[in-house]
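Student: Supplied in structure tokens, the structure appears directly below.
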Amino acid sequence: MQRRTHWVVIALSLLVFSLASGLMAQSTSSIQGSVTDPTGAGVAKATVSAKNLATGEERTVATDESGSYALPSLTPGSYRIEAKAPGFQGFVASGLQVEVGRVIVQNFSLKISTASEVVEVSATAPVIDAGTVSVGAVIDQRTVQELPLNGRHFVDLGLLIPGSVTPPQSGFLTAPLRGQGSLAFNTAGNREDTVNFMVNGVNLNDMVQNQVTFQPTISTLAEFKVDNSTYNAEYGRNSGAIVNIATKAGSNDFHGEVFEYLRDWAMDARNYFNKVGVPQSQFIRNQYGADGGGPIIKNKTFFFLSFEGLRQRQGVTINSGVLTADQRAQATAVNNPAVAKMLSFIPQPNAGTARFIGSAAAPVEIDQGTANISHIFSAADRLNFYYAYQHDLRTEPTLQGNTIPGFGDQREGKRWLATLVETHVFNGGMVNEARLGVNRIAITFAPATALNPASFGIGNGVTSAIGLPQITLRDIGLNFGGPSGFPQGRGDTTGVFSDTLSLLRGKHSFKFGGEFRRF
């Protein structure tokens, strides 16, 4: 594959919306609304403050002459929102759930009061999202963490989004990889290779295959949002759904878990072709790990660390034509050393005179670790760093056409992602988010049985142990050796820098931004 380098500049935009259109940044959230008096008139210079109940981080703004306010670039979580003004009764909405990629509208109607009274209510999310015209849905933290998932792959939760459909078994990217799950999903009538995956506002797409580079450990995801249509101009490159993933960060309390999930062939049904009398194909999957987070400095610095491992031992059922006893005897009579060596690879028939039914090993090993560090410098500055690394190794015994055990290929991948996000509040009406990110993938494909063709007397120009030629006996349906075209591999890196400046001026919000990518 010829390596190409692209310079991509996308999503350069100047947006002018009414306040209802929202001030929203990727992977963060916003709260906006108005403060009015009993007559419905706006209360100017009222103070509105939002406090993150998990970290203690607080943001305060003043309403403009029309009584409008906006709090952009908030981290997702549970908030306490308070509005107060001289001569009015204070109003507090507690427990407001701010979800990733959403604009929450919270209006306040203050009553006149001469005493220092405060009314406190439990906030509830609005049924209708009035803060944006985007069409989509949020998979919240409870769903992500508590819904049982066979394989623990977050992409499978994309099927819960309205407009998503169950993919066909022959799907391009939707057919799950062994041990690694699907790499995309179909939603809103879009192809699976048009989905744009983003972690903390940074691209997580493999730009060659247009798929998610890897699936972050589900225990590290706070929540994610899928926008199906009518996106803001800040989203570029892909025409399909936008998946905004927010990662877990620590809080002022320590939380952690240790886990292991087991699936065993003793609890599985026998494959239809794996007839009684032939040993059942093996399947044992262990997923284990630990994660935890908490404060390094209370109300200032927080961490969240995780590790997850997968060990899957699977036998793939094989049903192949092989040589009959007479054919094997005729091949032996040729008295060719190369033929004699290759005959040893072909199993004896065990289902009739010319058929072999058995199992080929297809092991999978995956290790993934993440680190998330957040620091609040002041009410005006917040910094977040996230790093994820995954190493995976799997064997595919039949994917490239081989029909008997002992061949196939080994696939090794090393993938990592780093994001750095800085949020700066210039004043109540001006907030800036700057993001840096790197997304790296390196994959190699090599024959599982690395033999030297020269040692078999095969003169194909290969003199090192990189695999035999792939050999097909079409009349009996037998394929072994190779796989052809291997070894091969690729390494790709995507670098991202983006910046978004949100401004509030009267009843209008402005957004300036751009993103630069080098692949």
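The values are calculated or read from the model by the stated rules, or taken from the named source; none is laboratory data. Since we're looking at a predicted model, the values are computed, not measured. We place every Cβ from the backbone using ideal geometry, glycine too, and count neighbours over all the protein chains shown. Keep in mind that these areas ignore ligands, DNA and RNA; they rest on the heavy atoms of the full protein, side chains included. Shrake-Rupley method; radii C 1.70, N 1.55, O 1.52, S 1.80 Å.
Student: Taking all protein chains as present, what is the carbon and sulfur share of the accessible area of the range 206-275, in % to the nearest whole number, probe 1.4 Å? Mind dumping the intermediate values first?
Tutor: Details: 1660 of 3110 Å².
The value for the range 206-275 is 53 percent carbon and sulfur by accessible area.
Student: In whole Hz and in residue order, list the ³J(HN,Hα) couplings for the range 181-193 that follow from phi through the Karplus curve 6.51 cos²θ - 1.76 cosθ + 1.60, θ = phi - 60°; x for Gly and Pro.
Tutor: Per-residue couplings from phi come out as x, 6, 10, 5, 8, 9, 8, 6, x, 8, 5, 5, 8 Hz.
Student: From the P(r) of the range 243-283, could you give the percentage of C-alpha pairs in the tail past 17 Å? Let's see the in-between values first.
Tutor: Working: 507 of 820 pairs.
Roughly 62 percent, rounded to a whole number.
Student: Under the 0.36 nm per residue contour assumption, what length would be gained going from the current alpha-carbon distance of ASN107 and TYR272 to full extension?
Tutor: Numbers: separation 165, 0.36 × 165 = 59.40 nm, distance 6.06 nm.
Gain on stretching ASN107 to TYR272: 53.3 nm.
Student: At each listed q (0.10, 0.13 Å⁻¹), what is the log10 of I(q)/I(0) that the Debye formula gives for the chain modelled as equal alpha-carbon point scatterers?
Tutor: So the normalised log intensities are -0.85, -1.24.
Student: Any idea what log10 I(q)/I(0) is at q = 0.19, 0.23 Å⁻¹ for the range 146-241, Debye with uniform C-alpha scatterers and no solvent?
Tutor: -0.94, -1.44
Student: Given an 8 Å cut-off on Cα distances and at least 6 residues of separation, report the relative contact order of the range 385-442 as a percent.
Tutor: Across the range 385-442, relative contact order equals 33 percent.
Student: Could I ask something else about it? Using DSSP to call loops (not H, G, I, E or B), can you name the trypsin sites (Lys or Arg not before Pro) in the range 195-290 whose Cβ has at most 13 other Cβ atoms within 10 angstrom?
Tutor: Details: sites: LYS225, ARG237, LYS248, ARG263, ARG270, LYS275, ARG285; in loops: ARG237, LYS248, ARG270, LYS275.
The qualifying sites are ARG270, LYS275.
Student: I need the calculated FRET efficiency for the pair ALA434 and ARG263, taking r as the beta carbon distance and R₀ as 56 Å, to the nearest 0.05.
Tutor: The value I calculate is 0.80.
Student: How big is the equivalent ellipsoid of the range 206-334 along its three axes, where each semi-axis is √(5λ) from the Cα gyration tensor, reported in whole Å from largest to smallest? Each step should come with its number before you reach the end.
Tutor: Numbers: eigenvalues 458, 125, 39 Å².
In descending order the semi-axes read 48, 25, 14 Å.
Student: Could you give the longest part of the chain that holds none of the GluC sites (Glu not before Pro) found in DSSP loops with at most 15 neighbouring Cβ atoms within 10 Å?
Tutor: On the way: sites that count: GLU65, GLU117.
That would be 118-519.
Student: Using only the Cα atoms, what convex hull volume per residue in Å³ does the range 301-359 have?
Tutor: Numbers: hull volume 6.5 nm³, N = 59.
It is 111 Å³ per residue.
Student: Given 25 °C and 0.890 mPa s, compute D for the range 291-447 with the Stokes-Einstein relation, Rh being the Kirkwood radius over Cα pairs; round to the nearest whole µm²/s. Could the numbers behind the result be given before it?
Tutor: Working: Rh = 20.7 Å.
For these conditions, the coefficient is 119 µm²/s.
Student: In addition: Note down the nm distance, to one decimal, between modelled labels 7 Å out along Cα→Cβ at LEU383 and at PHE516.
Tutor: 2.1
Student: How high is the relative contact order of the chain, in percent, with contacts defined as C-alpha pairs under 8 Å that are six or more residues apart? Please report the intermediate quantities before stating the final value.
Tutor: Numbers: 1384 pairs, mean separation 71.1, N = 519.
Value for the chain: 14 percent.
Student: On alpha carbon coordinates alone, what is the Rg over Rh value for the range 382-434, Rh being the Kirkwood radius?
Tutor: Working: Rg = 22.5 Å, Rh = 15.2 Å.
Expressed as Rg/Rh, it is 1.48.
Student: Let me ask something else about it. Determine the alpha carbon to alpha carbon distance for each of LYS225/LYS507; LYS225/LYS298; LYS275/LYS341; LYS248/LYS300; LYS225/LYS248; LYS51/LYS298 and list only those over 20 Å. Intermediate values should be presented prior to the final figure.
Tutor: Values: LYS225/LYS507 27 Å; LYS225/LYS298 29 Å; LYS275/LYS341 30 Å; LYS248/LYS300 16 Å; LYS225/LYS248 14 Å; LYS51/LYS298 15 Å.
The pairs that break the limit, which is 20 Å between Cα atoms, are LYS225/LYS507; LYS225/LYS298; LYS275/LYS341.
Student: Pull up the DSSP beta bridges for the chain and report the antiparallel fraction as a percent, rounded to 5. Mind showing how you got there, number by number?
Tutor: Values: 174 of 188 bridges.
Bridges in the chain are about 95 percent antiparallel.
Student: Pop out the ³J(HN,Hα) list for the range 291-307 in order, Karplus 6.51 cos²θ - 1.76 cosθ + 1.60 with θ = phi - 60°, rounded to Hz; leave Gly and Pro as x.
Tutor: Computed from phi, the couplings for the range 291-307 are 8, x, x, x, x, 8, 10, 4, 6, 10, 10, 9, 9, 8, 10, 8, 9 Hz.
Student: HN-Hα J couplings of the range 30-35 from phi, Karplus 6.51/-1.76/1.60, θ = phi - 60°, integer Hz, Gly and Pro as x?
Tutor: 9, 10, 8, x, 9, 10
Student: What 222 nm value per residue comes from the helices of the chain, counting each DSSP H run with n ≥ 4 as -39,500 (n - 2.57) and dividing by all residues, nearest 500 deg cm²/dmol? Please report the intermediate quantities before stating the final value.
Tutor: Values: 3 runs with 22 residues, N = 519.
Calculated from helices alone, the mean residue ellipticity at 222 nm is -1000 deg cm²/dmol.
Student: Starting from the Cα of LYS414, step 7 Å along the direction of its Cβ; do the same at THR60; then give the gap between the two resulting points in nm.
Tutor: Here the modelled spin labels are 5.0 nm apart.
Student: Once Lys and Arg get +1 and Asp and Glu get -1 on their Cβ, which of THR449, ALA354, PRO168 lies farthest toward the positive end of the dipole of the chain?
Tutor: Final value for the positive-end residue is ALA354.
Student: How large is the accessible surface per residue of the chain, computed with a 1.4 Å probe and reported in Å² as a whole number? Mind dumping the intermediate values first?
Tutor: Working: 23290 Å² over 519 residues.
Here the per-residue accessible area is 45 Å².
Student: Put one equal scatterer on each alpha carbon of the range 395-494, apply the Debye formula with no solvent term, and list log10 I(q)/I(0) at q = 0.12, 0.21 1/Å to two decimals.
Tutor: -0.55, -1.02
Student: Let me know the Kirkwood hydrodynamic radius for the range 223-299, please, with Cα pairs as the basis and the value in Å to one decimal.
Tutor: Working: mean 1/r = 0.0555 Å⁻¹.
About 18.0 Å, per the Kirkwood formula over Cα pairs.
Student: Between beta-carbons, use under 13 Å as the cut-off and find the net charge around THR55, counting Lys and Arg +1, Asp and Glu -1. Provide the component values of the computation, followed by the final result.
Tutor: Working: positive: LYS51, ARG59, ARG80, LYS248, LYS298, LYS300, ARG382; negative: GLU57, GLU58, ASP253.
With Lys, Arg at +1 and Asp, Glu at -1, the net is +4.
Student: With point charges of +1 on the Cβ of Lys and Arg and -1 on the Cβ of Asp and Glu, referenced to the Cα centre of the chain, which listed residue (VAL92, PRO483, PHE304) lies farthest in the positive direction of the dipole?
Tutor: Farthest towards the positive pole: PRO483.
Student: A further question follows. Testing the spin-label approximation: label points 7 Å from Cα along Cα→Cβ at SER484 and ALA340. State their distance in nm.
Tutor: In this crude spin-label approximation the distance works out to 2.9 nm.
Student: I would also like to ask the following. Taking 0.36 nm per residue of sequence separation and subtracting the Cα-Cα distance, how much length would be gained by fully extending the chain between VAL119 and LEU473, in nm to one decimal?
Tutor: Working: separation 354, 0.36 × 354 = 127.44 nm, distance 8.20 nm.
Difference between extended and current length: 119.2 nm.
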